[in-house]
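A.B. asks: Dropping the structure in here first, questions after.
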Amino acid sequence: MSMAQQAEPALGRPPAPGSKQQDGRTARRPLALRLLARPEVGVFLGAAAVLVFFLIVAPAVRQGSSMATILYQSSTIGIMALPVALLMIGGEFDLSSGVAVISSALTASMLSYQLTLNVWTGVIVALAVSLAIGFFNGWLVVRTGLPSFLITLGTFLILQGANLAVTKLVTGNVATDDISDMDGFDQAKKLFASSFTVGGVEVKITVVWWLVFAALATWVLLRTKYGNWIFAVGGNKESARAVGVPVTFTKISLFMLVGFGAWFVGMHNLFSFNTVQSGEGVGQELIYIAAAVIGGCLLTGGAGSAIGPVFGAFMFGMVNQGIVFAGWNPDWFKAFLGVMLLGAVLINLWVRRTATRR
């Protein structure tokens, strides 16, 4: 008798030829539970439910132009929600992301106009400033060990005050001057704020950039060593450091990614409206964080995806514009967002408990 035959259980039928035996430790869970374990599944179902709801109560949403408007609204949130989500997976927050968008736009606008430079000079300098802000936040968090909530709250207040004070000092007003007639404006507008037609419907270029950035972020998280580092430092940075993960580099680079996102959205705002209001951006950081949380990113770090925040941003855009198309009082928008956030947190909790239940 062979060794394989000796190992067969004494009772019950022997396994079929070619089949694999599984005990309670190795048995695969049902497909439904494995899908529920994905952080983006819950928000996808929620986004689908919100879409169906507004398709029913607001017939105008069914029009192609209305959906293009919703996607545009979603993209301006989603582009920033992506790096914010990656930072949250890495275990940190950035409360300065909203005003950093305006700081970037103000830098490009005032530098170009006041010094009569090609607008691309302002765009490049604004990128450097945005990355420097991200580097400062990350370096200070890593260097001091203080919670990123406190560090970036301080940066938020600094940028909020500087945006208003510097703009008044330079322009004598709370808004920058119109730069639409300056050299390089048309080329920059094509990159950051143009539109194209699909089936007779005008679609903003930010929708394309949003999807491109989402695909890139997904690839980074799932297919690269850097993606593994992000999950590792968010789960337990000391354990990650012990196995050779460059924690300092990963943390700082994630903050700089938020700076890049702030620069990109800031350039879109500038070249869409030709001018910038210095007091804007306050409160947007909460929208970006909420989109990431609704998308399945844990507040404690170490878990999440890039696809989830895409659906989270879409829910925000859908609710924001859906209320208008339905003819409701837009003052209810923030109330809807609060309900969505609480609902998403509770659903994510239920999904995770269900997915991990044997």
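The values are calculated or read from the model by the stated rules, or taken from the named source; none is laboratory data. Keep in mind it's a predicted model, so treat the numbers as computed, not measured. We place every Cβ from the backbone using ideal geometry, glycine too, and count neighbours over all the protein chains shown. Ligands, DNA and RNA are stripped out before the accessible areas are found, and what is left, the full protein with its side chains, is counted by its heavy atoms. Shrake-Rupley method; radii C 1.70, N 1.55, O 1.52, S 1.80 Å.
A.B. asks: Net charge near S278, counting Lys/Arg +1 and Asp/Glu -1 over other residues with Cβ under 14 Å of its Cβ?
C.D. replies: On the way: positive: K168; negative: D177, E280.
Net of charged neighbours comes to -1.
A.B. asks: GNM, the chain, Cα, under 10 Å: largest mean-square fluctuation among Q114, Q277, Q73?
C.D. replies: The residue with the greatest mean-square fluctuation here is Q114.
A.B. asks: Right, next: Can you grab the distance from the C-alpha centre of the range 313-338 to the C-alpha centre of the range 76-109, Å, no decimals?
C.D. replies: Cα centroid to Cα centroid, the span is 22 Å.
A.B. asks: Could you work out the relative contact order of the chain? I mean the mean sequence separation of Cα pairs under 8 Å and 6+ apart, divided by the number of residues, in percent.
C.D. replies: That works out to 34 percent.
A.B. asks: Quick one: what Rg and Dmax do you get for the chain from the alpha carbons, in Å?
C.D. replies: Calculated on Cα positions, Rg and Dmax stand at 24.0, 95 Å.
A.B. asks: Quote the accessible area belonging to D177 in square angstrom, nearest 10, computed with a 1.4 Å probe and with ligands, DNA and RNA left uncounted.
C.D. replies: Its heavy atoms expose roughly 50 Å² to the probe.
A.B. asks: For the chain, what does the accessible surface come to per residue with a 1.4 Å probe? Please give it in Å².
C.D. replies: Ligands and nucleic acids excluded, the figure is 51 Å² per residue.
A.B. asks: So what is the calculated 222 nm ellipticity per residue for the chain, using -39500 (n - 2.57) for each DSSP H run with n of 4 or more, over all residues, to the nearest 500 deg cm²/dmol?
C.D. replies: Working: 15 runs with 248 residues, N = 358.
One gets -23000 deg cm²/dmol as the mean residue ellipticity at 222 nm.
A.B. asks: Let me ask something else. Among the lysines, which fall within straight-line cross-link reach of K251, defined as a Cα-Cα distance under 22 Å, with same-chain neighbours fewer than 8 residues apart omitted?
C.D. replies: In chain and number order, the partners are K225, K237.
A.B. asks: How large a share of the accessible area of the chain, in percent, is made up of carbon and sulfur atoms when the probe is 1.4 Å and the other protein chains stay in place? Please list the in-between numbers first.
C.D. replies: On the way: 11860 of 18090 Å².
Of all accessible area on the chain, carbon and sulfur atoms account for 66 percent.
A.B. asks: Still on this model: Taking a cut-off of 20 Å between Cα atoms, list the aspartates and glutamates near K189, but don't count ones fewer than 8 places away on the same chain.
C.D. replies: D177, D178, D181, E202
A.B. asks: Take the Cα coordinates of the range 221-295, assign each an equal point scatterer, and use the Debye formula without solvent to give log10 I(q)/I(0) at q = 0.14, 0.24 Å⁻¹.
C.D. replies: -0.63, -1.13
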